[in-house]
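These notes concern the structure reproduced below.
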Amino acid sequence: TTPISASWKAVDGLNTSQDGNNKKNMISFESSAYKAMINDESRTPLFYKTIEERISQMDKESNNKIVIDLGTGPYAIFAIKAAECGANKVYAIEADAKAAQMARETIIEKGYDDIITVIEGYSTEIELPNNDKADLIIAEIIGSIVSEEGCVTTILDASKRFAKNPTSSQTWIPQRVQTLGCPASYTLHNLFQPPSFDWSKLNGEPIRFNCRDEGLQLLCTSPQIIEDIDFSNIQTYASNRKQQFVFHVDETLIEINKSKLLIELQNNKLRENEALKIALQTSTSFSGLALWPRLILNGNDNGNDNGNDNGNGNTDNKDNNSYSTINSRSYPNGDHQKSHWQTVLPIMNDIPIIVNGSTKITMNINIDL
Ligand SMILES: C[S@@+](CC[C@H](N)C(=O)[O-])C[C@H]1O[C@@H](n2cnc3c(N)ncnc32)[C@H](O)[C@@H]1O
């Protein structure tokens, strides 16, 4: 056995401001990141569809249909969608001052400022006017590791203070979020090794991959659910956890990975023996645990299909409208996806660890919320 480890603070997008007032700030306003989210075809249309369905299922006679868009962003797209679909009141909460200001402008421009109110600040630090409670809470505050943008604390607080019916899955979009994990190998980890390259300089910070990056290869045919957060049952997730996961490296995947990488390297004009060496090294080594998110917007099942969507893209429509899932990485090939969510890989050892079809990898994972 080879004991190895990695740990890092998964608060991507959140940091403590330098001015000493200890308030959380988003790293910086990045309009390209917001645009990538909006243009994410595996995400935005499914959110729209689910918002439309949920509002259409609310009491048609009621003129008190209240929706929260928690983390509305500069274009307030889900708040506007909710207003278009017939919500009587929408609270669009946004922590980032610049994004909140743009959201206000966008809402006025679209003519929804009578229905949508932008509330600037962290959801955990603001109050709703009149102590209002929402029928529906849309919270797209999901990171590549689903808990990393503080979603557990945020949803726990929202379920206590903002929801009419916090334990109903109909209150939440998404209903459930999961982080999937699978041992992986990384081509550059194999190419650049100490002493010329020092991976420890990453200080445990994981590498973040576009979900189609060929440099990352998964080593097992079954990823496992590392985090499973059901928003309507958030209390059960709201404490730190330790869990053990066992993965068996898959011989057939090693062969598939090797051939794919060989072709890729040869296409990049690498000499055949060099390409073969790298392809063999990469496909038979372990760099760390690859992690990526899955969002269940509707049809809150236990998600036990381990993220395998048969490679047909990103949605599982089990019975037309009732089931919508966003898989940010189709498994085992990421290549159909155009998700803006990344796959995260902590490099767990300076030098990749050799594996074969009979290798068993045991992971002890501690999640400190
Ligand atoms: C992933 S972006 C989503 C933006 C927009 N809803 C969309 O889907 O295109 C998340 C946004 O939520 C904000 N945010 C995250 N946590 C928040 C919280 N607890 N309270 C208020 N805003 C939050 C961030 O500043 C960011 O603008």
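The values are calculated or read from the model by the stated rules, or taken from the named source; none is laboratory data. Bear in mind the structure is a predicted one, so any value in this text is a computation, not a measurement. Cβ atoms come from the backbone with ideal geometry, glycine included; neighbour counts cover every protein chain shown.
Condition test on Glu109, is it surrounded by fewer than 21 Cβ atoms within 10 Å (Cβ to Cβ), part of a helix (DSSP H, G or I) and assigned by TED's automatic domain parsing to the domain that holds Ile142? Considered against the rule, which asks whether it is surrounded by fewer than 21 Cβ atoms within 10 Å (Cβ to Cβ), part of a helix (DSSP H, G or I) and assigned by TED's automatic domain parsing to the domain that holds Ile142, Glu109 comes out as yes. Out of Ile93, Ile51, Ile66, one residue alone is crowded, with 20+ Cβ neighbours inside 10 Å, of a type in the set (Val, Ile, Thr) and more than 16 Å from the ligand (Cβ to nearest atom). It is Ile66. Of (1) within 16 Å of the ligand (Cβ to nearest atom); (2) buried (at least 21 other Cβ atoms within 10 Å of the Cβ), Lys35 satisfies all except one. Which? Only one criterion in (1) within 16 Å of the ligand (Cβ to nearest atom); (2) buried (at least 21 other Cβ atoms within 10 Å of the Cβ) is unmet by Lys35, namely (2). Take Phe245 and tell me if it is within 25 Å of Trp8 (Cβ to Cβ) and hydrophobic (A, V, I, L, M, F, W, C). Considered against the rule, which asks whether it is within 25 Å of Trp8 (Cβ to Cβ) and hydrophobic (A, V, I, L, M, F, W, C), Phe245 comes out as yes. Whenever a residue of region 29-41 is in contact (Cβ under 8 Å) with a residue 24 or more places away in the chain, its partners that are polar (S, T, N, Q), lying with C-beta atoms within less than 7 angstrom and at least six residues away or across chains, give the pairs Ile38/Thr44; Asp40/Ser339. Scanning region 69-90 for residues that are in contact with a strand residue (DSSP E or B) (Cβ under 6 Å, 6 or more places away or on another chain), within 13 Å of the ligand (Cβ to nearest atom) and outside any loop (DSSP other than H, G, I, E, B) returns Asp69, Leu70, Phe78, Ala79, Ala82, Val90. Scanning region 69-87 for residues that are buried (at least 22 other Cβ atoms within 10 Å of the Cβ) and farther than 15 Å from Pro45 by Cα turns up Asp69, Leu70, Gly71, Thr72, Gly73, Ala83, Ala87.
Each row is one residue, and each column tells you yes or no for (1) more than 28 Å from Ser31 (Cα to Cα); (2) within 14 Å of the ligand (Cβ to nearest atom); (3) in a loop (DSSP other than H, G, I, E, B); (4) free of Cβ contacts under 8 Å to residues at least 60 places away in the same chain.
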site	(1), (2), (3), (4)
Ala99	no, yes, no, no
Glu105	no, no, no, yes
Asn130	yes, no, no, yes
Ile138	no, yes, no, no
Ser147	no, yes, yes, no
Ile155	no, yes, no, no
Gly181	yes, no, no, no
